[in-house]
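Please treat every number below as a calculation from the coordinates, not as lab data. Just so you know, these numbers come straight off a predicted model, no measurement behind them. Note: ideal-geometry Cβ built from the backbone for every residue, glycine included; neighbour counts use all protein chains shown.
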Amino acid sequence: MEEPGNLEFAAKSITGQPPGGNRFFAVADEFEYGVQAWWTTEVYLDGQATNNDGAIFTGFRWENRLRVLPHEHWINPVFYFEFEDISGADKTLLEVVDHDSKSDLILSNAEARQEKQRELEAKLILSSYFKGWTIAENFIAEKNVVHAPFEFGYALGVSRPLALAARPERCNLCPENFQIGVEMYGGLGTHDDFGVHGTSQYVAPVMAWTLANGTMLGVSPGFGLTGPSTGFLLRLGVSYEVAQIGRKARNLFRAGGNQ
Amino acid sequence: MRAAIFYITLAGVLSATEPDLPRQAPPQWAARANPMVGNSRAQKAGAKLFERECAECHGAGAGGIGKAPSLRQAVVSKAKPGALYWIIENGAIYNGMPSFAHLPEPERWQIVTFLQSLNTR
């Protein structure tokens with residue numbers, strides 16, 4: 001959850017090359033705002049570039065996360081609702097559901113963008129904190145607003161900073177600034193065909209580095225575990241949070257008005 | 001008139017709830033001792049964490065900004081360390097303070113150590 005009044009900018013990118021297809025590079029630009037301590041809202045703008053094809057804008061997503069319980073518990077649920085209006089050419093792979101597979105990534109941009117995906121998505125995010133470890137589980141249910149059945153997916157992850165206590169000095173290379181972990185994600189079919197048979201499944205080590213100025217850099221090489229999966233995906237991310245952006249903007253205009 | 005009643009009630013609720021937060025901590029949490037009490041390195045690390053996690057709302061000097069109260073109050077310096085730890089972990093999400101449970105336990109104690117070292121005004 002984002003702290004209230006804070007705005008985080010993030011670029012979540014991914015590159016891969018499906019067998020028989022061209023290498024692609026996709027990015028989701030994320031704007032995440034803390035409305036309340038229990039409510040975070042985010043907008044994503046997605047695009048991709050494919051070798052020997054072209055670069056296109058593939059759509060947007062609007063998501064909201066609602067914290068359910070006022071206090072911390074062993075397991076902390078957060079409800080997540082998203083509306084996405086993207087084309088079939090979207091390759092950001094922010095979630096894998098149903099029988100999403102490497103064959104979806106082979107189509108040319110001109111062909112793939114004909115498919116419109118106006119979908120509602122809900123997730124139940126469960127997270128726990130135990131002796132410095134963050135453990136998170138997502139169950140995803142997605143539904144195209146026009147047609148198609150409910151599609152399901154999941155993500156599981158654990159991560160931990162390299163040191164649990166902070167050092168007194170301001171530093172970029174302090175061990176507490178580094179997080180390591182591993183995640184697993186994949187499709188779970190549809191309500192007619194629930195299960196992992198014929199789905200894409202991935203395992204991905206995750207590393208994140210937070211600089212002293214708050215910028216966070218992340219890298220996650222993902223490895224496909226099943227036949228429909230793309231063999232290798234590389235995710236790179238960068239994010240920066242502007243704290244109390246509303247107050248800063250007001251101060252900026254006041255300062256401008258006083259000149 | 002209605003607006004006046006609303007703001008008076010809101011001010012009353014805020015002033016009644018926020019200073020009471022340490023007293024809302026469950027007894028088993030409030031009874032927890034700070035393992036870093038008196039540790040000057042922990043205090044400095046807590047100051048660094050405060051700057052990163054808390055200062056934007058509570059002010060660089062912890063003197064409070066707007067709705068976020070000053071932490072240079074006797075209610076903080078004299079609170080049981082375990083109660084402050086509980087507030088950092090749980091926040092007060094309907095009063096605008098988020099949970100900081102994502103911080104590892106030692107970092108939360110470092111912030112408590114820093115907060116209780118502040119001079120009250």
(Q) Straight-line reach from residue B:80: which lysines fall under 24 Å, measuring Cα to Cα and dropping same-chain residues less than 8 apart? (A) A:131, B:44, B:48, B:67
Q: Under 4.7 Å Cβ to Cβ, no partner at all: give me those cysteines from the protein assembly as shown, in residue order.
A: B:54, B:57
**Q.** Euclidean distance between Cα centres, the range B:49-110 to the range A:105-162, Å
**A.** 33 Å
Q: Grab the eigenvalues of the alpha-carbon gyration tensor for chain A, scale each by 5, take roots, and send me the semi-axes largest first in whole angstrom.
A: 31, 23, 20
Q. Computed on alpha carbon atoms, what radius of gyration and Dmax characterise the range B:20-120, expressed in Å?
A. 12.1, 34
Q. Taking θ as phi - 60°, what are the ³J(HN,Hα) couplings along the range A:237-253 by the Karplus curve (6.51, -1.76, 1.60), each to the nearest whole Hz, with x for Gly and Pro?
A. x, 9, 9, 8, 10, 9, 7, 6, 5, x, 5, 5, 5, 4, 4, 4, 5
Q | Simple Cβ-charge dipole of chain A, Lys/Arg +1 and Asp/Glu -1, about Cα centre, in debye nearest 20 | A | 960 debye
Q | Given chain A, longest segment not containing exposed loop trypsin sites (Lys or Arg not before Pro) (DSSP; at most 15 other Cβ within 10 Å) | A | A:24-130
Q) Counting other Cβ atoms within 10 Å of each Cβ, which GluC sites (Glu not before Pro) in the range A:107-161 have at most 13 and sit in a DSSP loop? A) A:115
Q | For the range B:20-120: relative contact order, % (alpha-carbon pairs under 8 angstrom, 6 or more apart) | A | 40 percent
Q: Could you work out how far apart the two model spin labels at residue A:234 and residue A:75 are, taking each label as a point 7 Å from the Cα in the direction of the beta carbon, and quote it in nm?
A: 3.7 nm
(Q) So if I restrict to the alpha-carbon atoms in the range A:195-254, what is the Rg, and what is Dmax, the biggest pairwise distance, in Å? (A) 19.0, 60
Q.
Tell me the mean residue ellipticity at 222 nm calculated for the protein assembly as shown from its helices only (DSSP H runs of n ≥ 4, each -39500 (n - 2.57), averaged over every residue, nearest 500).
A. -6000 deg cm²/dmol
**Q.** Calculated FRET value between residue A:223 and residue A:247, using beta carbons and R₀ = 45 Å, to 0.05
**A.** 0.55
Q. Which aspartates and glutamates does residue A:123 reach when only Cα atoms under 16 Å apart count, and residues fewer than 8 places away in its own chain are ignored?
A. A:42, A:63, A:82, A:84, A:95, A:98, A:137, A:142, A:151
Q) In the Gaussian network model of chain A, springs joining C-alpha atoms below 10 Å, which of A:63, A:30, A:169 carries the largest mean-square fluctuation? A) A:169
